[in-house]
Amino acid sequence: MPSPLHEQLLELMRGRPAFAAELLRDAAGLRLGAEVLVTARTGGQSFVQLQPPEYRADLVIELGTGRSELAIIVEVQLGIDDEKRGSWPQYVAALWGRLRCPVWLLVVTVDAVVAKWCAQRIEIGGMQLRPVVIGPDDIPVVTDAQAALDDPELAVLSALAHAASPQGLEICKGAAEAVMLQRVPTRYTCIDLMLSRLPEAARRALEEFMSQGYEYQSEFFRRLVAEGKAEGKAEGKAEAILAVLAARGVSVPDHVVARLHSCHDLGVLERWLRRAVLVSSAEDLLG
């Protein structure tokens, strides 16, 4: 079963497919302009042969308008697994056969030993497969707050790769601020994983930093934080309304759930919460 770290590294690229393309561009020296990067999207990850078994890559990213002009198979590798040296060439061949465009294998790891193993060429008769590997030595140390804010996915990857380094606490602080301010969907999981990879003293320091908060110096950031807190309260009230309705056995259609989560007026949500204990239908709640 994939670990939380494995899934979070994939989620960084699944949430913004251009991030994987940027990593490949920088590592392989490809010329991928902004006009191509904006076309990045996730693709099918299963490769079915005429006979079993079925092979499934971690993630497939396709680039190009209309038909795919380039494809990236993303594999997150946290340990040495010799079976992958047999399945990776099949992934590449199957995807090339489906799309008939250049296919690159991008392997992401936060372990230096695993990165060295992944980078070995795979000999296939007269052909070779050379994975493009992004390991700790290839992941920049992101300590600048603005750089983290501009690219929170890279900041998180930097934190997960370099948490144990002397600069680990500084990197994790910047990444934690970035994912909270940019409201990255998996921000809490990101911070949890950063904490798990820090040495104990640094982990306690980051926990204290996150619990006490940071006094932002600009009105812009203070407003962002205030809006985030208000939105968090609204989300909590929306969940409380749904819990009350569920406990009373009142069915809630999807459009009502969407309406509750899209409302950020705490007064309205409080009124709906009081109604939730009385109404016989979810529509009556909003009426």
Cross-chain or 6+ apart pairs with Cβ under 6 Å, segment 103-119 first and under 20 Å from G44 (Cβ atoms), then assigned to a loop (DSSP other than H, G, I, E, B) = L105/P131; V107/Q77; V107/P131
task = Report whether or not Q128 is farther than 30 Å from G66 by Cβ and out of contact with any strand residue (DSSP E or B) (no Cβ under 9 Å at 6 or more places or on another chain).
result = no
inquiry  = For segment 126-146, which positions are surrounded by 12 or more Cβ atoms within 10 Å (Cβ to Cβ) and not in a loop (DSSP other than H, G, I, E, B)?
reply    = L129, V132, V133, I134, A145
note = Checked segment 64-94 for anything in a strand (DSSP E or B) and under 17 Å from Q128 (Cβ atoms); matches are I73
query = Would you pick out the residues in segment 28-44 that are loosely packed, with under 10 Cβ neighbours inside 10 Å and hydrophobic (A, V, I, L, M, F, W, C)?
reply = A34
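Read-outs: derived from the displayed coordinates by stated rules, not from any lab. Everything numeric in this text was worked out from a predicted model, so none of it was measured. All Cβ positions, glycine included, derive from the backbone under ideal geometry; neighbour counts span all protein chains shown.
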